[in-house]
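Working notes for the structure below.
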Amino acid sequence: MDYTHLYSTRIQKTFDEDNADILETFRTAFATNPQLSLHLVNYYKGLPISYKAKIAGIEKESIDLDVNPKQAVAIAAGHYTFIKCTLFDHDILAQTQYVNIKKQAVLLNKFCYVEIMAETRKHLRLEFDQPITAVFNSPSGVVKGKIIELSMGGALMESNEAYYDLINDEANLIIMLPDVEQNTNYNLRIPARLLAIQDDIKPVIYKFTIAPDKISDRFMAKFMYHRQVQIVHKLRDDAELG
């Protein structure tokens with residue numbers, strides 16, 4: 001999973017020096033207060049997951065944490081976590097060296113200072129397990145794909161081809177959203193503008209800003225709520241299974 005879009009680094013010295021400073025600060029504080037706790041933050045399928053964690057031990061290059069099982073699931077899925085702690089002026093990104101959901105244990109390393117950009121977003125962005133068919137019906141051309149991420153103000157769509165001439169075009173983005181209550185699909189025609197195309201990986205990713213009308217807005221809000229419920233249930237089930 002690519003989580004680099006969630007944050008921006010805030011290097012104070014160098015990566016290595018910041019990593020050493022973070023570890024030393026935790027080591028000193030933990031020696032003084034073995035009950036030291038902190039907050040972890042992960043974005044599990046786009047949904048923010050945050051629970052307290054306690055330091056179980058500090059090794060030379062890593063920190064061992066006792067964590068909530070739901071946080072352990074989110075960490076295992078993304079192989080990272082953000083740390084919020086009053087000891088620091090910045091939030092911290094840590095990579096996962098080891099995670100055991102049943103034992104509720106996580107070993108973290110490679111620490112760096114960051115700003116969590118996902119916290120500044122106006123809308124919650126959710127990811128999807130099943131493909132959601134979409135078409136950008138621009139006068140300059142039509143591109144088909146599937147929605148991989150959606151919010152009330154934007155969308156990411158995967159497609160096999162990159163049509164650069166469509167960038168900045170404004171047209172309807174037609175999204176086939178499932179209606180959970182009616183057990184059917186509903187085609188939403190949402191005014192959208194193509195902001196950018198990311199082509200450094202395949203499939204190509206189209207980035208849209210969208211402006212739903214009142215009807216689409218209500219349907220999308222209901223759909224997004226049901227998606228959040230699905231994600232919470234999935235997180236709970238995986239935590240119980242370990």
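You will find that of 40, 47, the residue that is surrounded by 19 or more Cβ atoms within 10 Å (Cβ to Cβ), in contact with a Ser or Thr (Cβ under 7 Å, 6 or more places away or on another chain), of a type in the set (A, V, I, L, M) and outside the structural domain of residue 229 (by TED's automatic domain parsing) is 40 and no other. Can residue 107 be described as hydrophobic (A, V, I, L, M, F, W, C) and touching a helix residue (DSSP H, G or I) at 6+ places or on another chain (Cβ under 9 Å)? Here the answer is no, as residue 107 does not meet what is asked.
What number of residues within segment 54-76 satisfy the criterion of being assigned to a strand (DSSP E or B) and either touching a helix residue (DSSP H, G or I) at 6+ places or on another chain (Cβ under 7 Å) or not assigned by TED's automatic domain parsing to the domain that holds residue 21 (or both)? Please lay out each step first, then the result.
Residues of segment 54-76 that are assigned to a strand (DSSP E or B), as a first pass: 54-58, 62-66.
Checking which are either touching a helix residue (DSSP H, G or I) at 6+ places or on another chain (Cβ under 7 Å) or not assigned by TED's automatic domain parsing to the domain that holds residue 21 (or both) leaves us with 55, 58, 63.
The total comes to 3.
For residue 106, the conditions (1) under 30 Å from residue 207 (Cβ atoms); (2) touching a residue at least 24 places away in the same chain (Cβ under 8 Å); (3) assigned to a strand (DSSP E or B) are fulfilled apart from (1). Here residue 30 meets the list (1) part of a strand (DSSP E or B); (2) buried (at least 17 other Cβ atoms within 10 Å of the Cβ); (3) more than 24 Å from the chain's Cα centre (by Cα) almost entirely, failing just condition (1).
Every residue in segment 39-63 that is of a type in the set (Val, Ile, Thr) and closer than 15 Å to residue 91 by Cα, please. Can you show your working first?
Looking only at segment 39-63, we keep the residues that are of a type in the set (Val, Ile, Thr), and these are 41, 49, 55, 58, 63.
Result: 41, single match.
Of all residues being under 23 Å from the mean Cα position of the chain (by Cα) and either of a type outside the set (Val, Ile, Thr) or under 16 Å from residue 67 (Cα atoms) (or both) in segment 1-14, which is surrounded by the fewest Cβ atoms within 10 Å (Cβ to Cβ)? Just the residue, please. Spell out how you get there, then give the answer.
Start the filter on segment 1-14 by keeping residues that are under 23 Å from the mean Cα position of the chain (by Cα), which leaves 1-11.
Cutting the leftovers down to either of a type outside the set (Val, Ile, Thr) or under 16 Å from residue 67 (Cα atoms) (or both) gives us 1-3, 5-8, 10.
On the way: 1: 10, 2: 7, 3: 15, 5: 12, 6: 22, 7: 19, 8: 11, 10: 15.
Per the stated criteria, the residue is 2.
Of the residues making up segment 192-216, those that are within 20 Å of residue 171 (Cβ to Cβ), of a type outside the set (A, V, I, L, M) and either surrounded by 15 or more Cβ atoms within 10 Å (Cβ to Cβ) or within 18 Å of the chain's Cα centre (by Cα) (or both) are 193, 198, 206, 207, 208, 209, 212, 216.
The values are calculated or read from the model by the stated rules, or taken from the named source; none is laboratory data. Here the structure is a predicted model, which is why all the values come from computation and not from measurement. So basically every Cβ, Gly included, is an ideal-geometry build from the backbone, and we count neighbours across all protein chains shown.
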